[in-house]
Amino acid sequence: MSKSYYDPADLRKFGSITEWSEELGEKFFEYYNKVFEEGSLSAREKSLIALAVAHVRQCPYCIDAYTKDGLQRGITKEEMMEAVHVGAAIESGATLVHGVQMMNKYNKLSM
C-alpha cells in the first residue's frame, strides 16, 4: 500500500503552525475562531459553508474537519451533500461565465 502525500494525522498538528511564526499564527487563529462564532449566521450555517468551500478548494483536511464538525452540529448527510452541490454549481458556473470573456476576445480578434 503506497503512502499518500495527504496524512490525516496532520490535521491534528494544525495548531503547531504558531511554532514557526507565533505572532502571525496567533493572529490567524484569533481571526479564524472569531469568524466561526455565532453571528448573523449560525455556527451550523457556517459549518455548511465551510464544508462547501472545502470541496471547491479540494482541501482534504478541511473536508475531514467540517464533515466531523457538521456531524457534531446535527447536520444530516443530505444537507452536507446539498452544500457540496451548491459549491460545485458555483464553481462550474464561475468557470463557464468566463466563457463570455473568451467569446468577447474571439469576436474582437476575428473581426
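The values are calculated or read from the model by the stated rules, or taken from the named source; none is laboratory data. Just so we're clear, the structure is a prediction, and the values are computed from it rather than from any experiment. Neighbour counts run over all protein chains shown; Cβ positions are idealised from the backbone, glycine included.
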task: Among residues belonging to region 81-107 that are among the polar types (S, T, N, Q) and surrounded by 10 or more Cβ atoms within 10 Å (Cβ to Cβ), point out the one that is nearest to the chain's Cα centre (by Cα).
output: Ser92
task: Can you work out which of the residues in region 51-96 that are touching a Gly at 6+ places or on another chain (Cβ under 7 Å) and not β-branched (Val, Ile, Thr) is nearest to Ser4 (Cα to Cα)?
output: His55
message: Going by what's in this entry, would Ala43 be described as of a type in the set (A, V, I, L, M) and in contact (Cβ under 8 Å) with a residue 12 or more places away in the chain?
response: yes
query: Within region 14-31, how many residues are surrounded by 11 or more Cβ atoms within 10 Å (Cβ to Cβ), out of contact with any helix residue (DSSP H, G or I) (no Cβ under 6 Å at 6 or more places or on another chain) and closer than 18 Å to Ala65 by Cα?
result: 3
task: Find all pairs meeting these conditions: Cβ atoms under 7 angstrom apart; at least six residues apart or on different chains; first residue within region 53-70 and touching a residue at least 12 places away in the same chain (Cβ under 8 Å); second residue part of a helix (DSSP H, G or I) and hydroxyl-bearing (Ser, Thr, Tyr).
output: Ala54/Tyr66; Tyr66/Ser47; Asp69/Ser47; Gly70/Ser47
field: Candidates Lys34, Lys68, Lys46, Lys27 - the one that is basic (Lys, Arg), modelled with pLDDT of 95 or more, assigned to a helix (DSSP H, G or I) and within 21 Å of Pro8 (Cα to Cα)
entry: Lys68
- request: Find the residue count for region 71-84, including only residues that are assigned to a helix (DSSP H, G or I), more than 20 Å from Arg12 (Cα to Cα) and not basic (Lys, Arg).
  value: 7
message: I'd like to verify a number: residues in region 71-96 that are aliphatic (A, V, I, L, M) and more than 11 Å from His55 (Cβ to Cβ), how many?
response: 5
